[in-house]
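Nothing in this text is a laboratory measurement; each read-out follows from the coordinates by a stated rule. These figures come from a predicted structure and were not determined experimentally. Glycine gets a Cβ as well: all are built from the backbone with ideal geometry, and neighbour counts include every protein chain shown.
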Amino acid sequence: MNAPSSPEAVRPPLRVAVLASGRGSNLQALHRAQTEGRLPIALVGVFSDKPGSGAVAYARAHGLPAAALLPSDFPDREAFDVALMQAVAATRPELIVCAGFMRIISKAGIRAAPCPMINIHPSLLPKFPGLHTHARALAAGEHEHGASVHLVDEVLDGGRVLAQARVPVQAGEDPSQLAERVLSREHPLLIATVRAIADGRIRLQGDASARVSWLGDDDLDLE
Ligand code: GRF
């Protein structure tokens, strides 16, 4: 008798697959937000290149489907990436989130992705793509550092930036202190960005190479 009052009321949760290699704190943040009703997603699978990673352990401990593929079981990077994407595709995701997936995904892997893919990167892109971002930001004398969520395309850490969180650099801090402060901002940044995608405020169309229809960042509460 109660008809849904808005299209949002009937929107099914966004099907999200997560790729992770490390401790998995961003995965945990997404999962916690989802279980607490703050993020309308379904975590359909966690995929890793590291069977012993914290991310895989967290997924298994919390009943999330998890699969780890070993790169050494494949003849080359492309073969691994395509097999990974086939496993991901079997979970029918609408969005792939790279949350500390510490491998470069080849063009073949990106082309095999079944849906758009985003990545969280610990710098204010386009500054400091690649590794050791916190030490590099300090060495460069940056006054401001932070994290970015961007669309994954064929350029390493080069896809369109969707959202950023900024962190002022404090005098005398070392890379690990800065990393810790950035990480604490990564979690709300990733949750807010995935929520904006789930809500349709950021629209990603087609496969991973598709253009973004970006509705502006006014609605993103990232401080
Ligand atoms: C994060 O700093 C993320 O930005 C980078 O890798 C780290 C992953 O951390 N891509 P966690 O595994 O999510 O704790």
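Of the residues making up the stretch 150-187, those that are closer than 30 Å to P12 by Cβ, without any contact (Cβ under 8 Å) to a residue 60 or more places away in the chain, not in a loop (DSSP other than H, G, I, E, B) and not aliphatic (A, V, I, L, M) are H150, Q164, R185. Whether a residue is charged (D, E, K, R) and in a loop (DSSP other than H, G, I, E, B) was assessed, and R103 passes this test. Quick check, is A17 under 22 Å from D199 (Cβ atoms) and either more than 16 Å from the ligand (Cβ to nearest atom) or in contact with a strand residue (DSSP E or B) (Cβ under 9 Å, 6 or more places away or on another chain) (or both)? Spelling it out, A17 is indeed under 22 Å from D199 (Cβ atoms) and either more than 16 Å from the ligand (Cβ to nearest atom) or in contact with a strand residue (DSSP E or B) (Cβ under 9 Å, 6 or more places away or on another chain) (or both).
Name the pairs whose Cβ atoms lie under 8 Å apart, with the first residue in the stretch 112-135 and within 11 Å of the ligand (Cβ to nearest atom), the second of a type in the set (F, W, Y) and part of a loop (DSSP other than H, G, I, E, B), and 6 or more positions between them or separate chains? Within 8 Å, the pairs are N119/F101. Residue pairs whose Cβ atoms lie under 8 Å apart, separated by 6 or more positions or on different chains, with the first residue in the stretch 19-40 and β-branched (V, I, T) and the second within 11 Å of the ligand (Cβ to nearest atom), do not occur. The set of residues in the stretch 61-84 that are closer than 18 Å to G100 by Cβ and either within 19 Å of the chain's Cα centre (by Cα) or in a loop (DSSP other than H, G, I, E, B) (or both) comprises H62, L64, A66, A67, A68, L69, L70, D81, L84.
Residue count for the stretch 43-68 under the criterion of being more than 16 Å from the ligand (Cβ to nearest atom), surrounded by fewer than 18 Cβ atoms within 10 Å (Cβ to Cβ) and aliphatic (A, V, I, L, M): the result is 1.
Within the stretch 85-108, if we keep just the residues that are within 16 Å of the ligand (Cβ to nearest atom) and either without any contact (Cβ under 8 Å) to a residue 40 or more places away in the chain or surrounded by fewer than 22 Cβ atoms within 10 Å (Cβ to Cβ) (or both), the residue that is nearest to the chain's Cα centre (by Cα) turns out to be M102.
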